[in-house]
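Take a look at the structure below.
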Amino acid sequence: MSAVLTVQNMTLVRGGRTLVRGLNFEVRSGDALLLTGANGAGKSTLLRAIAGLFTPASGVISISGDDIAHDETPALQAHYLGHSDALKGALSARENLDFWAAALKRRGGLDPLQALAAVNLAHVADLPVSWLSAGQRRRTALARLFVAERPLWLLDEPTTALDAASQTRLAQSMAAHRAKGGMIIAATHAPVGLEDAAELRLGAPA
């Protein structure tokens, strides 16, 4: 895959406070960008804006690439993993991924059981998510990345609740995604295993 995400002159205002003003950056195929900064600096809000879940006060967010229509929005080319795992507790891990595969209009991704195997959770595929530990729920959420191929991964504190082995698997998955031309933007307070990533430090809110 070959793509580029462009953010131009973005200003983010939340609760009457300006979090980000006049922000410009690009992320290209194979790139990783770490969003850092104090709590309240706008890291999560910036990810949500790129994912189409928050409306900026100003600015343009666009994505282009060989296989991307000229009017395609970044949201339709992105996986967004926020603080919430976005899972239904009454459904099994497999059923949750079945839902996301359909919602994401799976293109070239793994089937749900294969995606669970990729995060070492095939053995709980048919258990209700409400029975799983916090780490297992987070890994089930991460398995969404594998049921549909999308060039842009937007990850908000992706290692939350993950043990060391799971963090290593995530780092390997992110490296493989970048090797195929994928892009990653991750908000984090701690190392997440992204080698040679660029850093964008956001300042304290005004």
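G52 meets the conditions (1) within 16 Å of the chain's Cα centre (by Cα); (2) part of a strand (DSSP E or B); (3) surrounded by fewer than 20 Cβ atoms within 10 Å (Cβ to Cβ) in every case but one. The failed one is (2). Residues in region 76-118 that are modelled with pLDDT of 95 or more and among the polar types (S, T, N, Q): 3 in all. In region 66-75, the residue that is surrounded by the most Cβ atoms within 10 Å (Cβ to Cβ) out of those that are touching a helix residue (DSSP H, G or I) at 6+ places or on another chain (Cβ under 8 Å) and in contact (Cβ under 8 Å) with a residue 40 or more places away in the chain is P74. Taken over region 168-177, the residue count meeting the criterion of being more than 13 Å from the chain's Cα centre (by Cα) and either buried (at least 16 other Cβ atoms within 10 Å of the Cβ) or not polar (S, T, N, Q) (or both) is 4.
The residues of region 5-44 that are outside any strand (DSSP E or B) and without any contact (Cβ under 8 Å) to a residue 24 or more places away in the chain, listed by number, are G15, G16, N39.
The listed residues are A78, A86, A103, A93, and the only one of them that is out of contact with any Cys (no Cβ under 6 Å at 6 or more places or on another chain), on the phi > 0 side of the Ramachandran plot and among the small types (G, A, S) turns out to be A86. The residues of region 155-179 that are touching a residue at least 60 places away in the same chain (Cβ under 8 Å) and touching a Pro at 6+ places or on another chain (Cβ under 9 Å) amount to a single one, M174. Residues that are of a type in the set (A, V, I, L, M), surrounded by 19 or more Cβ atoms within 10 Å (Cβ to Cβ) and over 16 Å from the mean Cα position of the chain (by Cα) are absent from region 152-163 altogether. Going through region 76-95 one residue at a time, which ones are over 14 Å from L152 (Cα atoms), touching a residue at least 40 places away in the same chain (Cβ under 8 Å) and surrounded by 20 or more Cβ atoms within 10 Å (Cβ to Cβ)? Answer for region 76-95, where residues must be over 14 Å from L152 (Cα atoms), touching a residue at least 40 places away in the same chain (Cβ under 8 Å) and surrounded by 20 or more Cβ atoms within 10 Å (Cβ to Cβ): D85, L87, A93.
The values are calculated or read from the model by the stated rules, or taken from the named source; none is laboratory data. As the structure is a prediction and not an experimental result, all values here were calculated from the model. All Cβ positions, glycine included, derive from the backbone under ideal geometry; neighbour counts span all protein chains shown.
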